[in-house]
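The values are calculated or read from the model by the stated rules, or taken from the named source; none is laboratory data. Note that the coordinates shown come from a computational prediction; the quantities given were computed from them, not determined experimentally. Note that we place each Cβ from the backbone using ideal geometry, even for glycine, and neighbour counts take in every protein chain shown.
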Amino acid sequence: MRRMISCTKAAMERTMKVQEVILRALATRITWGQAAEMIGISDRQMRRGRERYEEFGFRGLFDRRRGKPSPKRVPVATLEGCWSCIASGTST
């Protein structure tokens, strides 16, 4: 069973725009460089988007980072240690 796509209205509209531009480029009505410029991304990102679209279809165009924690996120224990040092006026 396929998972439902849940996203904001803006994300859905952007994905539909990207799909439309990719379809125009696949039909050779525009070049891939023009397609990238229309969307506001680099040529390399456009090639990656095309590959994801060809492999996964419409679902491949959504932002895959959505719903995942940032890799730069600081662990809670580290933050608590920092706050306790600040509160007590000491430095580690």
Filter result (modelled with pLDDT of 80 or more and among the polar types (S, T, N, Q)) within the stretch 46-86: Thr78, Ser84
query: Taking interchain pairs and intrachain pairs at least six residues apart, which have beta carbon atoms under 6 angstrom, with the first residue in the stretch 51-76 and in a loop (DSSP other than H, G, I, E, B) and surrounded by 11 or more Cβ atoms within 10 Å (Cβ to Cβ) and the second polar (S, T, N, Q) and modelled with pLDDT of 70 or more?
result: Phe62/Thr15
